[in-house]
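Worksheet for the structure shown next.
Only the coordinates and a few stated rules stand behind these numbers; no lab work does. Bear in mind that the values here come from a model prediction, so they are computed numbers and not experimental data. Heads up, the Cβs are rebuilt from the backbone with ideal geometry, glycines too, and the neighbour counts pull from every protein chain shown.
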Amino acid sequence: MTQMPEKRTVRVLILSLEGLVLVKSRYKHCWELPGGRIEYGEKPVDAATREVFEETALIIWPENFTEICQTVRRGNHIHLFGTFMPEIRKETLPKFGAVSGEEVIMVAGREIDWLIADRRFHERDIELMRQSDANRRIKNLLSGRPQAA
């Protein structure tokens with residue numbers, strides 16, 4: 001029996017002083033972290049750069065990303081990257097992605113809690129961020145501590 005090839009994807013956690021950047025999925029009708037498929041021969045960090053631009057119109061260079069964790073869920077190998085970009089502000093954030101046309105927002109505090117409670121935030125992304133190693137690395141990213149490999 002031939003095994004199905006593993007789907008490889010990236011998700012990107014973009015944090016600023018004002019909150020977390022999310023995009024609205026046109027297909028799932030929920031908010032989620034920017035990301036998508038890794039193209040054949042593409043490095044995960046390069047896919048993160050490309051997907052962020054396509055979905056948010058933000059240009060973030062590969063050296064600004066930290067790989068937070070990797071996980072496999074339902075045959076999908078997911079790389080979670082993070083970046084802390086203090087200069088990104090709600091008022092200067094593009095409203096739509098450069099290629100995807102998806103809506104882009106920045107949320108913080110109670111808005112995130114509301115999206116999670118109301119199931120308007122993609123379940124996969126919540127699971128990724130709650131993993132113990134991911135949780136620790138996200139906290140380190142926010143505090144400006146160096147990331148251990």
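Remarks
- When restricted to residues that are outside any strand (DSSP E or B), acidic (D, E) and either touching a residue at least 12 places away in the same chain (Cβ under 8 Å) or within 18 Å of G19 (Cβ to Cβ) (or both), region 34-93 contains 6.
- Residue satisfying all of: in region 91-117; over 16 Å from the mean Cα position of the chain (by Cα) and over 16 Å from E55 (Cα atoms); surrounded by the fewest Cβ atoms within 10 Å (Cβ to Cβ) among these: E91
- All positions within region 71-87 that are under 16 Å from G36 (Cβ atoms) and under 13 Å from the mean Cα position of the chain (by Cα): I78, H79, L80, F81
- Qualifying residue in region 22-35 (condition: among the aromatic types (F, W, Y) and either more than 18 Å from F121 (Cα to Cα) or in contact with a Gly (Cβ under 9 Å, 6 or more places away or on another chain) (or both)): no
- Filter result for R120 (farther than 21 Å from R136 by Cβ, touching a residue at least 60 places away in the same chain (Cβ under 8 Å), surrounded by fewer than 20 Cβ atoms within 10 Å (Cβ to Cβ) and more than 16 Å from the chain's Cα centre (by Cα)): no
- Criterion (more than 24 Å from R136 (Cβ to Cβ) and not charged (D, E, K, R)) met by exactly one of G35, G75: G75
- Filter result for C30 (more than 11 Å from the chain's Cα centre (by Cα) and surrounded by 19 or more Cβ atoms within 10 Å (Cβ to Cβ)): no
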